[in-house]
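J.: First the structure, which I've put down as structure tokens, then a few questions once you've had a look.
The values are calculated or read from the model by the stated rules, or taken from the named source; none is laboratory data. Here the structure is a predicted model, which is why all the values come from computation and not from measurement. Please note: Cβ atoms are built from the backbone with ideal geometry, for glycine as well, and neighbour counts cover all protein chains shown. Accessible surface areas use protein heavy atoms only, side chains included; no ligands, DNA or RNA. Shrake-Rupley method; radii C 1.70, N 1.55, O 1.52, S 1.80 Å.
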Amino acid sequence: MKATAVAHPNIALVKYWGKRDLEFNLPAAPSLSLTLGGLLTRTSVEFRGDLDADILNLDGQVFTGAKLRRISTFLDIIRALAGLTTHAEVVSSNDFPTGAGLASSASGFAALALAASSAAGLKLGARELSVLARRGSGSAGRSIFGGFVEIFDGTQPLDSSESAPESAPGERPPRAASDAAFARQIAPPAHWDLRCLIAVTSSAEKTIGSTEGMQRTQESSPFYADWVASVPADIERARSAVLTRDFHALAKTAEASCLRMHASAMAALPGIIYWNPTTVALIETVREARAQGMPVFFTIDAGPQVKVFCPAAALEECRDLLSRVSGVQQLLETYPGEGARLV
Ligand code: PMV
């Protein structure tokens with residue numbers, strides 16, 4: 001009853017910010033991402049009859065309290081599916097800073113969904129795994145797949161053949177809205193050799209987690225409804241830009257999606273600002289470089305790091321550009337990565 005899985009984080013090009021349902025963790029709108037090779041989470045899960053509680057070991061440290069409760073609640077879903085009552089030991093490690101807006105919850109819950117469901121004897125297809133991972137963290141549903149990925153909000157017709165891909169053998173078609181909010185790959189990693197440089201501007205844990213930030217935005221931001229309404233058109237634009245490898249169209253859509261997400265959060269009460277001065281300096285640097293003809297764009301999640309995209313051919317130039325910005329502590333290089341897998 002033991003299994004080990006690895007998964008990469010992903011970065012949203014069209015952001016997810018807001019929940020339609022808290023219990024099933026359903027997103028208010030779809031989102032679209034790139035899975036990031038070069039950063040890895042490795043998670044082992046063992047269900048053991050001798051344990052009287054779950055154990056969580058993350059990056060060599062044993063956690064109790066809220067972090068453990070979040071994992072136990074997630075394992076309860078798997079225990080219910082598998083008819084198990086035993087507790088589990090979860091050992092997970094990231095080869096990148098945890099909890100600082102580098103999407104460790106995405107790779108973490110993707111690897112956990114795969115390792116724990118396998119250890120419990122469940123044989124889930126990729127679509128079912130994405131539904132399961134999404135219950136742990138909305139963005140984790142996307143990290144089950146490699147390359148360019150979109151996740152539905154679950155409001156599309158359940159039998160819609162145009163939006164729902166064919167089920168893999170052994171996979172059940174979605175029956176409920178919670179099952180319909182699954183991810184799918186829109187293009188494999190080899191489709192487009194984009195590079196994403198992550199400019200780390202602070203390694204401190206973020207102060208407002210994404211769930212809390214989303215909730216506050218939903219409850220108090222006058223821009224929230226307009227933000228949600230703007231997402232479907234951005235999904236169409238981004239999907240088409242990815243499929244046609246149109247860098248400038250993707251740049252325009254991804255930056256707009258990022259800035260609208262942050263604008264909706266900044267307009268909450270009290271306003272949420274994830275940026276620091278280096279974050280802003282990087283935004284300006286990237287925009288100036290693009291105005292001068294360099295193929296480059298930025299996106300930012302619920303933290304101060306700036307993720308900068310460029311084609312592989314512009315990587316050196318882009319690395320030079322970012323390393324000259326004062327306050328950049330580290331540059332992590334990523335590329336289109338594979339989906340979650342057992343090891
Ligand atoms: O998966 P969560 O609940 O940590 O939310 C992720 C939110 C953003 O990273 C800000 C945007 C996204 O789509 O990944």
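J.: Over the chain, with the other protein chains present, what is the accessible area per residue in square angstrom, probe 1.4 angstrom?
T.: Here the per-residue accessible area is 41 Å².
J.: Also, quick follow-up: Taking the Cα atoms of segment 1-149 alone, what are Rg (to one decimal) and Dmax (as a whole number) in Å?
T.: 14.4, 45
J.: Can you pull the percent of Cα pairs in segment 223-284 with separation above 17 Å?
T.: For segment 223-284, the fraction of Cα-Cα distances above 17 Å is 49 percent.
J.: How large is the helix-only mean residue ellipticity at 222 nm for the chain, computed as the sum of -39500 (n - 2.57) over DSSP H runs with n ≥ 4, divided by its residue count, in deg cm²/dmol to the nearest 500?
T.: -12000 deg cm²/dmol
J.: Please work out the Cα center distance from segment 264-343 to segment 34-104, rounded to the nearest Å.
T.: Measuring centre to centre over Cα atoms gives 28 Å.
J.: Around Val286, what is the net charge, scoring Lys/Arg as +1 and Asp/Glu as -1 over all other residues with Cβ under 14 Å from its Cβ?
T.: +2
J.: For the chain, what is the charge dipole size about the Cα centre, in debye to the nearest 20, if Lys and Arg each add +1 at the Cβ and Asp and Glu each add -1 at the Cβ?
T.: The dipole of the chain has a size of about 60 debye.
J.: Taking the Cα-to-Cβ direction at Thr73 and at Val280 and moving 7 Å from each Cα, how far apart do the two end points lie in nm?
T.: Here the modelled spin labels are 3.5 nm apart.
J.: Under a straight-distance cross-link criterion of Cα-Cα below 26 Å, which lysines are reachable from Lys123, leaving out those fewer than 8 residues away in the same chain?
T.: Lys2
J.: If you take the alpha carbon radius of gyration of segment 92-148 and divide it by 2.2 N^0.38 Å, what ratio comes out, to two decimals?
T.: 1.09
J.: If you rank Lys123, Lys307 by how much accessible surface each has, with a 1.4 Å probe, what is the order from largest down?
T.: Ranking Lys123, Lys307 by accessible area, largest first, yields Lys123, Lys307.
J.: Additional query: In a Gaussian network model over the chain where Cα atoms closer than 10 Å are linked, find which of Ala199, Ala313, Ala116 has the largest mean-square fluctuation.
T.: Largest GNM mean-square fluctuation: Ala313.
J.: Mean-square fluctuation check for the chain, GNM, Cα pairs under 10 Å: which of Val90, Val296, Val280 is largest?
T.: Evaluated over the chain, the most mobile residue of the options is Val280.
J.: In addition: So what is log10(I(q)/I(0)) for segment 287-343 at q = 0.12, 0.31 1/Å, when the Debye sum runs over its Cα atoms only?
T.: Calculated log10 I(q)/I(0) at the listed q: -0.35, -1.49.
J.: Okay, next question. What full-extension length gain, to one decimal in nm, is calculated for Ala204 and Glu333 as 0.36 nm per residue of separation minus the Cα-Cα distance?
T.: Going from the current span to full extension adds 44.5 nm.
J.: Where both residues lie in segment 37-123, what percent of DSSP beta bridges are antiparallel, nearest 5?
T.: Of all bridge pairs located within segment 37-123, approximately 75 percent are antiparallel.
J.: Something else about it: Determine, at each q value in 0.25 (inverse angstroms), the log₁₀ of I(q)/I(0) that the Debye formula gives when each Cα of segment 1-81 is one equal point scatterer.
T.: The calculated log intensity ratios at q = 0.25 Å⁻¹ are -1.25.
J.: Quote the FRET efficiency, to the nearest 0.05, computed for Val62 versus Thr155 with a Förster distance R0 of 41 Å and r equal to the Cβ-Cβ distance.
T.: Working from the Cβ atoms, E equals 0.55.
J.: In addition: Ranking request for peptides 324-333, 234-243, 74-83, 23-32: highest mean number of other beta-carbon atoms within 10 Å first, then the rest in descending order.
T.: 23-32, 234-243, 74-83, 324-333
J.: Follow-up question, since we're still on this one. Pairs of Cα atoms under 8 Å, at least six residues apart: use those to get the relative contact order of the chain, whole percent.
T.: Across the chain, relative contact order equals 25 percent.
J.: Stretched out fully, how many nm does the piece from Arg245 to Val325 gain, at 0.36 nm a residue minus the Cα gap?
T.: 26.0 nm
J.: Which log10 I(q)/I(0) values, to two decimals, does the chain give at q = 0.08, 0.10, 0.12 Å⁻¹ under the Debye formula with one point per Cα?
T.: Relative scattering, expressed as log10 I(q)/I(0), comes to -0.35, -0.56, -0.82.
J.: Mind ranking 139-147, 297-305 by how tightly packed they are, going by the mean number of other C-beta atoms within 10 angstrom, highest first?
T.: Most protected by this proxy first, the peptides run 139-147, 297-305.
J.: Evaluate the Kirkwood expression for the hydrodynamic radius of segment 208-343, namely the inverse of the mean inverse distance over all pairs of different C-alpha atoms, and round to one decimal in Å.
T.: For segment 208-343, inverting the mean 1/r across all distinct Cα pairs yields 16.4 Å.
J.: Taking the highest mean first, how do the peptides 38-44, 267-273 order by number of other beta carbon atoms within 10 angstrom per residue?
T.: Output ranking for 38-44, 267-273: 38-44, 267-273.
J.: At a Förster radius of 45 Å, what calculated FRET efficiency corresponds to the Cβ-Cβ distance of Glu236 and Arg48, to the nearest 0.05?
T.: Working from the Cβ atoms, E equals 0.40.
J.: I've got another one for you. Please report the equivalent ellipsoid semi-axes of segment 66-126, computed as sqrt(5 x eigenvalue) of the Cα gyration tensor, largest first, in whole Å.
T.: Listed largest to smallest, the semi-axes of segment 66-126 are 22, 13, 9 Å.
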